[in-house]
Every structure is written in structure tokens, then in C-alpha cells.
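The values are calculated or read from the model by the stated rules, or taken from the named source; none is laboratory data. Quick caveat, the model's predicted, so the values are computed rather than measured. We place every Cβ from the backbone using ideal geometry, glycine too, and count neighbours over all the protein chains shown. With ligands, DNA and RNA removed, areas are computed over all heavy atoms of the protein, side chains included. Shrake-Rupley method; radii C 1.70, N 1.55, O 1.52, S 1.80 Å.
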Number of protein chains: 2
Amino acid sequence: VPLPGQLLAQLIDVVGATQVLTDPGQLASFTTDWSGRFVGHTDVVVRPSNSDEVGAVLDLCRGAGVALVPQGGNTGLVGGGVPMHGEAVLSLSRLGHFELDATAGQITVGAGVTIGAVQRAAAEAGWAYGVDLGSRDSATVGGTVSTNAGGLRVLRYGDTRAQLLGLEAVLGTGDVVRNVSGLRRDNTGYQLASLFCGAEGTLGFVTAACLRLVAPSPEQVVALVAFEGVIEAANAASLLRREAASLSAVEFFVSTGLELVCQVMGLAAPFAQSHPAYLLVEGQGQGDVVGELAGALQALAGVVDVAVATETPRRAELWRYREAHTEAINTLGAPHKLDVALPPERLGEFLRTVGATVTESAPEAKTWLFGHAGDGSVHVNLTGLAPDDEAADDAVLTLVAELGGSISAEHGIGTAKVGWLARTKAPGSLAAFATLKRAFDPDGVCNPHVLMPPA
Amino acid sequence: VPLPGQLLAQLIDVVGATQVLTDPGQLASFTTDWSGRFVGHTDVVVRPSNSDEVGAVLDLCRGAGVALVPQGGNTGLVGGGVPMHGEAVLSLSRLGHFELDATAGQITVGAGVTIGAVQRAAAEAGWAYGVDLGSRDSATVGGTVSTNAGGLRVLRYGDTRAQLLGLEAVLGTGDVVRNVSGLRRDNTGYQLASLFCGAEGTLGFVTAACLRLVAPSPEQVVALVAFEGVIEAANAASLLRREAASLSAVEFFVSTGLELVCQVMGLAAPFAQSHPAYLLVEGQGQGDVVGELAGALQALAGVVDVAVATETPRRAELWRYREAHTEAINTLGAPHKLDVALPPERLGEFLRTVGATVTESAPEAKTWLFGHAGDGSVHVNLTGLAPDDEAADDAVLTLVAELGGSISAEHGIGTAKVGWLARTKAPGSLAAFATLKRAFDPDGVCNPHVLMPPA
């Protein structure tokens, strides 16, 4: 579908000629996702600088019947921020408003500000931001709000929705919601911020957010705990969940992933021997976090080795074994990335059987397991598969559905999982989703191929 | 508007003759709210026993064009659960489903279960429920979810929305949303639970909820802190907000309220002398909560006296000075109850000036101030006013709007504050509210006079 002739000129009127990109060389970085798995195409990238311009661009595109895909740092993992069906790209990276309230402990920022920038500003003001993730220096506030990003400290501070004190968004109806007052208590009507958070740009576009900050954690401790099996590690993760108040992360990986990380990154192994499964357990706060972590670890069964670190460099070294998984696996080719969640009592069963399930449906595939086991969330990466070969994806998500889990713990649905949404959602929920989509995007121009099939 | 002739017979077919009340003597307790301020009227109260019956009742009423007001324990404070315009009453108190998962730390309960029952079941299983409020033995899960109830421990555990892992609701479209799997991580589509929580029954009716439980707090300490003025108390509340991780409540009251409580309840005064303002500060958890509380109090200015309690009976005595405010004020006649929130830097100014603002517009009114000052939330009770005399209400809410606050920190809008909603909501937000209402209650039968004026 070619762009209507006059639309380009109208878009240039709104954002200026330099912010309407049509040169194929300029478009490339906007059409391929970070992992390299999702490759789309577009005729135009529009880069507004504020919410008024976003509203004007949306109005023009609604009038012309041209669909938009919003894009922040392009670090999404489910093909939700690249134009897989030739949509125009709405790049929000220039929305850089920045306002920190050190007394109230909150920050109001434009959609284009990176998570790393929020973290650094918070630290300078004596606070911290509760969301952290590997892509912190590319991922933006707009993208993490739109996808309700989780990350490494959900166990302690909750997901992005839990940080959200208010937002500004331009809706598919043309209405602009602007509620960034940052009041901690405001029980007046429908909770729009929670609704547009995690909507993946399908109801409109988030242009700014007010985020709560949290008290910094002067005391920090990290333990790498080796287990005699994955079942023991899964059971330990469930047990540690009860201690969530004093723990900030309970991360999981297995021997094959650790070996790959050490080989690719040139790291020394953490223990003299290899072990079947590992938990990286972190405590942080203002009290006796070392004592609390030690107490929590004593209750665990099946522990075969432990390394503890309190000093910053050694803590970073232990974290590196976990954080480098993504980068190490990517050296094997663009993986299929599934992120699923299981009920705590089924987590061990899933970890024990998922590899065989994959091999059965795709013998050439290799399964990599890691993730945020403390809340039942697991990243399942599959390598050795063609981008379009979804037999193994289907087998994994079918297993998840059978075990009562979720097909996405944190990455969202995007375009990648649209076909599986009905597997774990009842018809009543899907009907309510369709009601919301029709109501807030009546013209079907807001990321129409994401979350649900286009109407 | 009389009920259509055949509707009663059809309702009896669904729920049985004993659960369709039409006798005026039986109706009375359903038409007047707990505070006595909101007195409505109805021809019928319907009492279904499960969500299928709720759906069938709603279908019949949609067909007949008969509006429904949902009611739980009838402890709401804004006229949102009584039939102020002759609506039929949908009493949900018989929905008593009860299922506690001690491993996962969560509970799935029907709308009619009381908060007190949830708290007791949680305690028996080694857990606690994070929401507590004075009306705990009447207020229900359905009502507290529908109104996003706050209460005494929001500072520590968040409001009801923060406890909500899933819900079951019958929507005004006839669709039934049923997602009570209780997964901690599930990022698949629009967050329906957060949307229907706090919607005050205007989009449909909550029939069950899955609620997270929290670790119990073996260590507890309460301090009653007297200040030389309300400004000092407000500043202290803002400072303590930074320490929220170790504190579970920061409650506010003033000398006149304390004196009334002591007189009505026959309690001894906490200190030899009366002081202008008080904070009740509570710490609870598993660590050194006494030490943490002491540390937090040392940083405060303007403190003139302190009473500390660690033993259960004495802690309850200190709490009583705060909790008995509602009951003591009610002995003066049904008060106008406003609950507002202020930005932390404006809280002191509000507390200092609101009394004069009330007197100016209603010289006969008396102003009572107390509340959850730790998050900027204040209950403003006005006595000596006729139920319909809203001049003083208007003056208070206007002051709140001028100071950038919220006209409801936790009670909601109900029918009482419909006229003031536009005072603090921008047109774009109100348009989004109307979009939601039209989409999910197309026939306008779900609590149509609550939150916004009927279309």
C-alpha cells in the first residue's frame, strides 16, 4: 500500500522535513528488531518532538487510513515495534522531557528517555528506579511503559506498571490523556495508566510517564547457589518467593548456558565443578541484608555449592554469569525468544521436560533456559531454527498452557504470539480485549497487527 | 419507573423466590448507606449466589432496561452502593467461594466474602492480607475491589489494586471475564483486573477476585508522636514517606478529634497535655522494626511528646485513638465525609487553611481532620450540615483542586462527587472515561448514576 501523495507533505508540515525519513538507508535501522529475528519494511519514519506533534501525526494518519507502529529504543523481543506489515513508523525517541521531584521521589519523563538515564538521574538525587533490565541504555520509558517491562528486580519493586504514577498518551480516538501530577493516592475513576501500560501501542501512544522512585539500597549482597538438579533449584525459587520482602532477585540458569557464557565471554567458571542448575540470589536494602540472605539460603534443599559477594566488583562478576546469557546465545544466530511464566508448583516440571518437548518437535533446535525464577518466569531461547519455523515455539507454548502458565511473563504478545493468545485467554477476556480495541482505536491505525489479529 | 411486570417472575426463575426481595421492610437496609447520609429507594433487591446467576440477572435487566446498583457490605461512603435513583439492587453478599493456596500465598474468593474473613484465613495459613480498614467485618472483597479500597496499610502494601492477581467479572456487554489463575507474571494483553478494580460497578460487576497474600509481621511497634503544630506534623509525614520500606502506617489527627474520641469512648488521654497535632506511626516486619522506627523518628522536627508500644494490648490502645475517630464523629450526626489527597509539599498548607475555608462557606459547620498522612491522604469530615447542603463540600474540594490534589484519595466518586469530577480531570481523561463506559455498558444499566452523569 503506497503512502497517499499528500500525506508526506502534511507530515513534514508538522514535524519538519528532517524528521520525516524516507531514504531506504535511513529506514533500515527502524525496520529490523534488535535480535534480528523480525525484519519488516516501511516507506516512512516520522519523528515528532512532543505530544502535540504526536497527536497531529496520528490525526493525519487516521484521516489517510495509514497505520502506525510506535518505536522507542527498538529493544522489544516480540516484533511489536517494527513495521512487519509495511506500517509507517512513529519514532518517539525525541520526546526527551525530564523533570525530577527529589522531595516526592518521582520523575516525569518523555517517552524517548532511556531507562539508564532515569536510573542515573535518580541516583544523583538520592533515589533509585525500581526497574532494571539488560537493555537499559537503549530501552525507553515509552517502550517499557507500553510493554509493561519487567526485568531483574520485579521480585522487589514490581513491574513497570507498579512504578507508574501517571501518564500522558495520545489515544486512537484523538483524545489526549494527560495525568502526570504524580499523586500517590488518587481514586477518581478508571485507572487509565494501568490500562495503557502494557497495551503495546494498540490503543494509542504513550508520550510521557510519571514514575515513582524507590529508596536506594546501600547494602547489597549476591549469592550464586549451585543445585544438584533443576527440580531442586525450582523448589528453592518457590521457597525464596516467600522471603521476597528482603530479596531483590532470584535468577535461574543451567550448566549449558553457564558454559556457553564462560566460553563466549572468556570468563572463569564460578566453581571448580559444573553443576546442573544455579540460582543467583540478590538481597538489597538498608538493614542486615547479608544476614537475611544467609537465613533464606539455609532453608534450601539440594544446594551443592555457594559463592557469596558483597563488594561491588565481585557482585558484578556473579551477575555477569546471568546477564551475559542473552549476548552469548545471540552469537549462535538470532534465537526464538519465548518468555513464559508457570505456577510455582509446576515450575520444576516445566524446566525438567521442556527440552525434550522441543527436541520432539524440532530435533535440530537447542533449548536455553534462564530467567527470573523467583516469580515463576522463565526465558526459553531456541537456537538452530529458521525465523519462520514455529513448530518448536508451538510445542513450548502448548506445554505452558497445559501447565496453567502464561505465554508471556513480560515481553508481551507483539506480532510474534498473536496466534497463541487464544490458547490461554478465555473467550470472555478476548471479547473484552476486542471491545477495548474498537473503542480506543476505531480507525484501526494504532499498531493494528499487534496483540490481536486486525478486525 | 415501575418494574416491568414479567421481570420479577424472570428474576425469581434465576435466583429463587426467597432471593428476590420486594417487601419494604426487607428493602430498608439495602437503601440506606452505613453513614446514614445517603438514603435511596428501590422496588427490588436480587441476591444471586454465583457468577452465572449474576450474568443471567444482568441479561434480564439489560433486556428490560432496568438499571442495577451492586452492593456488598454497604460500607461505601460516597453513595455508590445504594439505589439513589430507584435502581434495582444487586446484592452480591451470597457469593462466598473461598480457596486459599498456602504454597503460592494467594486466595481466590467470591465477591461476598468479608475482608475480616480473608484476614483470618490468611493468618491461619501463615500469611497476612495487606489491606486493612475499620469496616473489615462488613466490607466485602467485591466492594473493596470495585472501589479500590485503601485503608490503614497502603503505605506498606499498596491499595486493593496492588493485591489483585486476577478477577472474575460480568461486564455490561454480557461478556464474562474469568482470570483467577493467580499467576504473578502474566503480560498478555490489556490489564482488565486493574481496569475493573475501582470502576465502582459502572462497567460491570466483580464476582470474584484472586488476591496476593503477604508475609506476616512478627515484629510490630507503634508510636504516637505529638507535634507543636499541624505544619510540623505534615512535614514529618512527608519525611517519613521516604522510609516507607520499614513503616506500615503514618496516620494523622488533631487535638479536637482526639478530645472527642476520648470523651465519646471514655478513654484516658495519651499524654498529660493536649497538643495541636499527632502522628500515629507504625512499623511492622521481620527485622529490627523498633530500631528502624526509632531511627525514623529521630529525624523529625517539632516533636513535643512520644508514646511507644510494642506489646499487643498497648499497641491496640494507641491505634484506638485513631480508629475511633469515625465512630466518635458519627455520634454528632451523619457527617459529610470527604477524603482527599494532596501533593506532599502542599499537605501542611491544606491542613492549616481548610478549617477556615469551611467556616467561610458554612459558619455552622465543624471540620474534623484525620487520615493517612503518610501518602498525603486526609479525611475531612464535616458535621452540623444538612445532608443536601454542599457549599462547604464545594469549598473544600475547590481548595484541593487549587493545590493540585485529588478529590478522592480512596473512597471513590460514587454519586456524591459526580459534580466535582471535572474539577480535577482534563477533558481528554473524561472523554476516555466516557469511551470506556459506552463500550462496556452500552445499555447504561451498570450503576448508571455513579462516577459520571448518565449519558
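Odds and ends about this structure:
- Qualifying position, being under 13 Å from the mean Cα position of the chain (by Cα) and free of Cβ contacts under 8 Å to residues at least 24 places away in the same chain, among A:152, A:133: A:133
- Top-ranked residue in region A:283-332 [being over 22 Å from residue A:368 (Cβ atoms), of a type in the set (Val, Ile, Thr) and part of a helix (DSSP H, G or I); ranked as nearest to the other protein chains (Cβ to nearest Cβ)]: A:289
- Matching option when the condition is open to solvent by less than 20 Å² (accessible area, probe 1.4 Å) and outside any loop (DSSP other than H, G, I, E, B), among A:422, A:432, A:401, A:409: A:432
- Conditions (1) out of contact with any helix residue (DSSP H, G or I) (no Cβ under 6 Å at 6 or more places or on another chain); (2) crowded, with 19+ Cβ neighbours inside 10 Å; (3) of a type outside the set (A, V, I, L, M): number failed by residue A:335: (1)
- Residue list for region A:88-132, filter: closer than 30 Å to residue A:44 by Cα, out of contact with any Leu (no Cβ under 6 Å at 6 or more places or on another chain) and not aliphatic (A, V, I, L, M): A:91, A:93, A:94, A:96, A:97, A:98, A:108, A:114, A:116
- Test: residue in region B:24-39 that is β-branched (Val, Ile, Thr) and within 24 Å of residue B:440 (Cβ to Cβ): no
- Scope region A:354-364; condition open to solvent by less than 10 Å² (accessible area, probe 1.4 Å) and either among the hydroxyl-bearing types (Ser, Thr, Tyr) or free of Cβ contacts under 8 Å to residues at least 40 places away in the same chain (or both); matching residues: A:358, A:362
- Answer from A:399, A:347, A:382 - the residue that is within 27 Å of residue A:144 (Cβ to Cβ) and away from chain B (no Cβ under 14 Å): A:382
- Of the residues A:442, A:453, the single one that is under 23 Å from the mean Cα position of the chain (by Cα) and surrounded by fewer than 22 Cβ atoms within 10 Å (Cβ to Cβ) is A:453.
- Listed by position, the helices (runs of 4 or more DSSP H) contained in region B:1-72 that have at least 3 residues being small (Gly, Ala, Ser) are B:24-31, B:51-64.
- Members of region A:212-232 that are more than 7 Å from every other protein chain (Cβ to nearest Cβ), under 25 Å from the mean Cα position of the chain (by Cα) and assigned to a loop (DSSP other than H, G, I, E, B): A:213, A:216, A:217
- Verdict on residue B:167 being away from every other protein chain (no Cβ under 12 Å), buried (at least 24 other Cβ atoms within 10 Å of the Cβ), touching a residue at least 24 places away in the same chain (Cβ under 8 Å) and not acidic (Asp, Glu): no
- Looking across region A:172-211 at every residue that is at pLDDT below 95 and more than 7 Å from chain B (Cβ to nearest Cβ), the one that is most open to solvent (accessible area, probe 1.4 Å) is identified as A:180.
- Within region A:238-282, restricting attention to residues that are of a type in the set (S, T, N, Q), farther than 19 Å from residue A:349 by Cβ and within 14 Å of chain B (Cβ to nearest Cβ), the residue that is surrounded by the fewest Cβ atoms within 10 Å (Cβ to Cβ) is A:246.
- Cross-chain or 6+ apart pairs with Cβ under 7 Å, region B:365-376 first and facing chain A (nearest Cβ under 9 Å), then in a strand (DSSP E or B) and of a type in the set (Asp, Glu): B:372/B:251
- Boolean, residue B:415 is without any contact (Cβ under 8 Å) to a residue 40 or more places away in the chain and either open to solvent by 20 Å² or more (accessible area, probe 1.4 Å) or small (Gly, Ala, Ser) (or both): no
- When each of B:110, B:81 is tested for being over 30 Å from residue A:155 (Cβ atoms), of a type in the set (Gly, Ala, Ser), in contact (Cβ under 8 Å) with a residue 40 or more places away in the chain and buried (at least 21 other Cβ atoms within 10 Å of the Cβ), the lone residue that passes is B:81.
- Restricting attention to region A:289-319, the residues being of a type in the set (D, E, K, R), within 23 Å of residue A:128 (Cα to Cα) and surrounded by fewer than 16 Cβ atoms within 10 Å (Cβ to Cβ) number 2.
- Here region B:144-164 is the region considered, the condition is being of a type in the set (Ser, Thr, Tyr) and within 23 Å of residue B:444 (Cβ to Cβ), and the residue that is farthest from the other protein chains (Cβ to nearest Cβ) is B:146.
- Among the residues of region B:418-443, just one is at the interface with another protein chain (Cβ under 7 Å from one of its Cβ atoms), free of Cβ contacts under 8 Å to residues at least 40 places away in the same chain and among the aromatic types (Phe, Trp, Tyr), namely B:433.
- All positions within region A:128-147 that are under 20 Å from residue A:98 (Cα atoms), in contact with a helix residue (DSSP H, G or I) (Cβ under 6 Å, 6 or more places away or on another chain) and assigned to a loop (DSSP other than H, G, I, E, B): A:129, A:130, A:131, A:136, A:137, A:139
- Condition met for residue A:82 (closer than 30 Å to residue B:374 by Cα, modelled with pLDDT of 95 or more and in a loop (DSSP other than H, G, I, E, B)): no
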